[in-house]
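This is the structure I want to talk about, given as structure tokens.
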Amino acid sequence: MFYYAGHGVISEKNKEFYLVPNDVTDLKNVDEALEQHGIPSKILQQYAINIAAQKQVFILDACQSAGAFATLLADDANQQKSLAVVARSTGTHWIAASGSQQFANEFSQLGHGAFTYVLLKAMKGEAANNKMVTINGLKNFLQVQVPDLMKKYNGTPQYPSSYGLGNDFPVGVIK
């Protein structure tokens, strides 16, 4: 499981999604800094191919985070084919806090970003079925609960997005 909560941005220059480390401070002129310090989505996708784990989940709580797999879906058939081979009998799944043109909202009263807040509720059992949280159950829970939370707190629209190859599998067991 790979979990990231932080800044994310799609580069204006090359249209690729990047995880933005804390040493990238100027998001207005970010392209040069991203090339030097950012973590591009193509690297994350390559990790999914190279990691030997049979069940993989990449969770990205960042603005524009669906951009991490948008190019995978649209442009790179070879990369998608490699991921499909890895995931055929197991599973590789990506969950993003927001669409590729959306912000990942935070509310001080929640103590977390909205997505992480709902993710924690899910993993504590609210998304469980038969005392088990599965990857598909988690995705469904997030896709319903995050938009509802945005309405409750009058936030800007935020719709989690997901992409997966392979089988559903448990990500948590409730005791």
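The values are calculated or read from the model by the stated rules, or taken from the named source; none is laboratory data. The model shown is predicted, which means the values in this text are computed figures rather than measured ones. In this analysis, Cβ positions are derived from the backbone assuming ideal geometry, glycine residues included, and neighbour counts consider all displayed protein chains.
Restricting attention to segment 2-25, does a residue exist that is among the charged types (D, E, K, R), surrounded by 14 or more Cβ atoms within 10 Å (Cβ to Cβ) and part of a helix (DSSP H, G or I)?
No, that holds for no residue.
Could you please let me know if Ala97 is modelled with pLDDT under 95 and closer than 21 Å to Phe17 by Cβ?
Spelling it out, it is not the case that Ala97 is modelled with pLDDT under 95 and closer than 21 Å to Phe17 by Cβ.
So, Ala122, is that one of a type in the set (A, V, I, L, M, F, W, C) and closer than 21 Å to Phe2 by Cβ or not?
Working: of a type in the set (A, V, I, L, M, F, W, C): yes; closer than 21 Å to Phe2 by Cβ: yes.
It is true that Ala122 is of a type in the set (A, V, I, L, M, F, W, C) and closer than 21 Å to Phe2 by Cβ.
Confirm whether Ala114 is at pLDDT 85 or above, over 27 Å from Val146 (Cα atoms) and out of contact with any Ser or Thr (no Cβ under 6 Å at 6 or more places or on another chain).
It is false that Ala114 is at pLDDT 85 or above, over 27 Å from Val146 (Cα atoms) and out of contact with any Ser or Thr (no Cβ under 6 Å at 6 or more places or on another chain).
To continue, here is another question. Filter segment 149-175 down to residues that are assigned to a loop (DSSP other than H, G, I, E, B), of a type in the set (Phe, Trp, Tyr) and either in contact with a strand residue (DSSP E or B) (Cβ under 9 Å, 6 or more places away or on another chain) or crowded, with 17+ Cβ neighbours inside 10 Å (or both), then give me how many there are.
Residues of segment 149-175 assigned to a loop (DSSP other than H, G, I, E, B): 153-160, 167-169, 174-175.
Narrowing the set further to residues that are of a type in the set (Phe, Trp, Tyr) leaves 153, 159, 169.
Filter once more, so that each one left must be either in contact with a strand residue (DSSP E or B) (Cβ under 9 Å, 6 or more places away or on another chain) or crowded, with 17+ Cβ neighbours inside 10 Å (or both): 153, 169.
Qualifying residue count, segment 149-175: 2.
Continuing with the same structure: Which of the residues belonging to segment 108-121 are assigned to a helix (DSSP H, G or I) and over 15 Å from the mean Cα position of the chain (by Cα)?
Within segment 108-121, Lys121 is the sole residue that qualifies.
Also: Find the residue count for segment 38-52, including only residues that are exposed (fewer than 14 other Cβ atoms within 10 Å of the Cβ) and either touching a residue at least 60 places away in the same chain (Cβ under 8 Å) or in a loop (DSSP other than H, G, I, E, B) (or both).
Final tally of qualifying residues: 2.
Of all residues in segment 159-169, which are more than 13 Å from the chain's Cα centre (by Cα) and not small (Gly, Ala, Ser)? Steps first, answer last, please.
From segment 159-169, those more than 13 Å from the chain's Cα centre (by Cα) are 165-169; that's our starting set.
Matches in segment 159-169: Leu165, Asn167, Asp168, Phe169.
Test Ala127 against the stated conditions and say whether it is touching a residue at least 12 places away in the same chain (Cβ under 8 Å) and in contact with a Lys or Arg (Cβ under 9 Å, 6 or more places away or on another chain).
Yes, satisfied.
Of all residues in segment 123-147, which are crowded, with 16+ Cβ neighbours inside 10 Å and touching a helix residue (DSSP H, G or I) at 6+ places or on another chain (Cβ under 7 Å)?
Within segment 123-147, Ala127, Val133, Leu138, Phe141, Leu142, Gln145, Val146 qualify.
May I ask you to list pairs of residues, at least six apart or on different chains, whose Cβ atoms are under 6 Å apart, with the first in segment 90-107 being under 29 Å from Pro170 (Cβ atoms) and the second being hydroxyl-bearing (Ser, Thr, Tyr) and surrounded by fewer than 21 Cβ atoms within 10 Å (Cβ to Cβ)?
Pairs found: Trp94/Tyr163; Ile95/Ser162; Gly99/Tyr159.
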